[in-house]
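Nothing in this text is a laboratory measurement; each read-out follows from the coordinates by a stated rule. Remember, predicted model here, so these are calculated numbers, not experimental data. Using ideal geometry, Cβ is built from the backbone for each residue, glycine included, and neighbour counts are taken over all protein chains shown.
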Amino acid sequence: MNVPDVDRTMPGRVLVAYATRGGSTRAAAEAVAAELRARGLEVSLTPAAEVRGLGDHGLVVLGTALYMGRWHRDVRGFLARHRGELAGREVALFVLGPVRSPRDEGEWLNAQDQTDKELARFPWLRPVAARLFGGRFDPATLPFPFNRLAAKEPASDALDLAAVRAWAGELVGRVGAETVAEPVPS
């Protein structure tokens, strides 16, 4: 993903908003929130569809998965509803895509291309950081009739929560660590 290389100050309040179908994006969002909290930030973790306003959150971390080449509709709706409020805030983005483990390079390149195309649909959105992670696929979590169509594909898990937490830690440094409190001991 092409993101601007900017030097900004990390806000004290962070909104982590996510959209999920089967729960893997929620798990990744929870990992991001936990890492940011461990670094002394006040974090709100909320499904994107439930966010009514951005309040005094200075940073918005938005999490979605790719579904047939598109971001989750709740994230697209979030961006439409909050476009004006997002204009004055830093936004970071994580996307769950490839589901095969071990890593399938072709699948990753395809998912990166799809993610870049989705980001291009929102030219006003210029995330300070963006990252593609592996995802999970479980046909049992899909609604009918997709669960029957997808039953030919086995469940798979390429979600690396340690990598997600590391990215969240890097995010703190990327957008300006000077206002962040020392990490909370674990």
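Numerical summary
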| quantity | calculated |
| --- | --- |
| Within the stretch 15-68, trypsin sites (Lys or Arg not before Pro) in DSSP loop having at most 11 other beta-carbon neighbours inside 10 Å | Arg52 |
| Label zone at Leu161 (point 7 Å along Cα-to-Cβ), backbone N below 13 Å, the stretch 31-51 | 31-35 |
| Pairwise centroid distance, computed over Cα atoms, of the stretch 61-80 with the stretch 111-152, Å | 8 Å |
| Chymotrypsin sites (Phe, Trp or Tyr not before Pro) within the stretch 102-152: DSSP coil, no more than 13 neighbouring Cβ in 10 Å | Trp124 |
| Charge dipole of the stretch 80-154 about the Cα centre (unit charges at C-beta), most positive-ward option of Phe133, Gly84, Gly97 | Gly84 |
| Student exercise, the stretch 43-153 dipole from Lys, Arg, Asp, Glu Cβ charges, in Debye to nearest 20 | 260 debye |
